Amino acid sequence: MKKNDILITYLSNAGFMLTDGNTKILIDGIHTEQALNFSPIPEKIMNKIINGEEEFSNIDFLIFTHVHKDHCDLKKLCEVQNQETKIILPELDENNKIYMKDDLDLLPNPISYLNSGYGEVTVIEAGNIKIKAARTYHDGIKYHNTVNHFSYLISVADQQILFMGDAESGNSNITDWLRNETIDTVCINFTEISQKKGRTFISDVVNPQLAISCHIPLQQHDKFHYRERAMENVSKYSSSLPKVYVCLETMETIKI
């Protein structure tokens, strides 16, 4: 890597690794089950993450937007070998605790649990990295009061990268948070590009140089042709969007 390069590596679904050559952050980077039609992180890559091997050695942060099985596998998180890795996780709800049962005590310690309210921003700083975490609504009204969901704005090397997770884009709580931020790159679910509210959020609220479209199944799980639809929508709405990179394959790397 050249100095000031930032690399974003796609893992699967909404999972990414972000690095500037000094610090490594995994976002929603530990999940092993296929949820609906969305893909888990392939086993070979998951094992490297858990054991800290090759490009996944010396991970500084594991951060999670929420605890759904296509974003965070709590039981797999118990297997992480690097005890120096800092873990940031939304506060566990009763369903999470019931799922873990006797394994709850096996979670790595310590974990920084996020429990701030809407409209509050938690700031975590480590060396050259600043992570801003804000509670956001999970997309879909049925999840609003049942899922602890946080989105992350990560500042590194004079760039700000927004990781949405499954956040609802049209909600005032996220637009109020981001309106005064300068955002260079946003990682956002591919379905937002097909919706007017999502495109308006990208162009008017975030206004990034680059939008990274994710949460798209790998080929073997794509029985509803989401991959094709994702590409078609980027082409269809390109005039109202910034540059869009569509994540289709595990371990794709984007340099920003």
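Odds and ends about this structure:
- Filtered residues of segment 136-152 (kept if farther than 26 Å from Ile256 by Cβ and either crowded, with 18+ Cβ neighbours inside 10 Å or at pLDDT 95 or above (or both)): Tyr137, His138, Val147, Asn148
- Only one of the listed residues (Ile256, Ile183) is surrounded by fewer than 22 Cβ atoms within 10 Å (Cβ to Cβ) and modelled with pLDDT under 95. That residue is Ile256.
- Test result for Val205, of a type in the set (A, V, I, L, M) and out of contact with any Ser or Thr (no Cβ under 7 Å at 6 or more places or on another chain): no
- Scanning segment 50-68 for residues that are over 23 Å from Val156 (Cα atoms) and surrounded by fewer than 16 Cβ atoms within 10 Å (Cβ to Cβ) yields a count of 2.
- Unmet requirement for Ser155, which otherwise passes all of (1) out of contact with any Leu (no Cβ under 7 Å at 6 or more places or on another chain); (2) part of a strand (DSSP E or B); (3) surrounded by 23 or more Cβ atoms within 10 Å (Cβ to Cβ): (3)
- Qualifying positions in segment 25-34 - without any contact (Cβ under 8 Å) to a residue 60 or more places away in the chain and either surrounded by 21 or more Cβ atoms within 10 Å (Cβ to Cβ) or of a type in the set (A, V, I, L, M) (or both): Leu26, Gly29, Ile30, His31
- Filtered residue count, segment 57-87, keeping only those that are in contact (Cβ under 8 Å) with a residue 60 or more places away in the chain, farther than 20 Å from Ala35 by Cβ and of a type in the set (A, V, I, L, M, F, W, C): 1
- Of all the numbered requirements in (1) loosely packed, with under 14 Cβ neighbours inside 10 Å; (2) closer than 29 Å to Ser169 by Cβ, Leu77 misses one, and that requirement is (1).
- Scanning segment 134-148 for residues that are more than 18 Å from Asp176 (Cα to Cα) and assigned to a loop (DSSP other than H, G, I, E, B) returns Gly140, Asn145, Thr146, Val147, Asn148.
- If you go through segment 161-177 and keep only what is surrounded by 20 or more Cβ atoms within 10 Å (Cβ to Cβ) and either of a type in the set (D, E, K, R) or without any contact (Cβ under 8 Å) to a residue 40 or more places away in the chain (or both), you end up with Asp166, Glu168, Ser169.
- Residues of segment 105-133 classified as modelled with pLDDT under 90 and not in a strand (DSSP E or B), total: 4
- Options Asn47, Asn37; residue that is surrounded by fewer than 15 Cβ atoms within 10 Å (Cβ to Cβ) and in contact (Cβ under 8 Å) with a residue 24 or more places away in the chain: Asn37
The values are calculated or read from the model by the stated rules, or taken from the named source; none is laboratory data. Predicted, not measured: the structure shown is a model, and the values here were computed from it. Every residue, glycine as well, gets a Cβ built from its backbone with ideal geometry; the counts of neighbours run over all protein chains shown.
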